[in-house]
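*Asks:* One structure, as structure tokens, below. Some questions next.
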Amino acid sequence: MAEQTEARSNGDQLARRQTQAAKVQAVFREVNERIVRISPGRSSPIEIVCECLNTRCSESVSLTAEEYEAVRREPGCFVVVAGHDVREVEQVVDAAGRYLVVRKIGVGSAVAAELNPRRRSRHTP
């Protein structure tokens, strides 16, 4: 019985961490959506902020508009600097050299989809 209670508590903690990570990363995604929207052209690289869950991260990622759009096709995916992924809340689905694409797992996946700005606005930069 104690083992079940502990397992449930650990599961609850993990779900809370996955939810919080998705919320933090969704804020960075919103910032990047604005950056892309005001970018001068589709042919030159875009500098976006790392979408990791570290709220103090100040690193940036340079990628093309096409690369950015490929990530945004799936609302549970985010762009992070290599080494900024957290296996507890996401899995790496692509390693592009300059950055990683991570996909939220567990309850974080649904939270990321719900907070997707493109879902709300139906806007594609």
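The values are calculated or read from the model by the stated rules, or taken from the named source; none is laboratory data. Since the model is a prediction, treat every value here as computed from it, not as a measurement. Neighbour counts run over all protein chains shown; Cβ positions are idealised from the backbone, glycine included.
*Asks:* Hey, N54 hits all of (1) surrounded by 18 or more Cβ atoms within 10 Å (Cβ to Cβ); (2) assigned to a loop (DSSP other than H, G, I, E, B); (3) of a type in the set (S, T, N, Q) but one; which does it fall short on?
*Replies:* The one condition N54 does not meet is (1).
*Asks:* Could you go through region 5-24 and let me know if any residue there is at pLDDT 95 or above, in contact with a Pro (Cβ under 7 Å, 6 or more places away or on another chain) and over 16 Å from H84 (Cα atoms).
*Replies:* no
*Asks:* Let me ask something else. Where residues in region 69-103 are of a type in the set (A, V, I, L, M) and part of a loop (DSSP other than H, G, I, E, B), which of them is nearest to A15 (Cα to Cα)?
*Replies:* Taking the candidates together, the pick is V89.
*Asks:* Within region 17-35, which residues are out of contact with any Asp or Glu (no Cβ under 9 Å at 6 or more places or on another chain) and within 15 Å of R72 (Cβ to Cβ)?
*Replies:* The answer is E30, E33, R34.
*Asks:* Name the residues in region 62-117 that are at negative phi, of a type outside the set (A, V, I, L, M), out of contact with any Pro (no Cβ under 8 Å at 6 or more places or on another chain) and in contact (Cβ under 8 Å) with a residue 60 or more places away in the chain, would you?
*Replies:* Matches in region 62-117: E88, E90, K104, G108, S109, P117.
*Asks:* All but one of (1) crowded, with 19+ Cβ neighbours inside 10 Å; (2) without any contact (Cβ under 8 Å) to a residue 24 or more places away in the chain hold for P40, so report the exception by its number.
*Replies:* Among (1) crowded, with 19+ Cβ neighbours inside 10 Å; (2) without any contact (Cβ under 8 Å) to a residue 24 or more places away in the chain, the lone unmet condition for P40 is (1).
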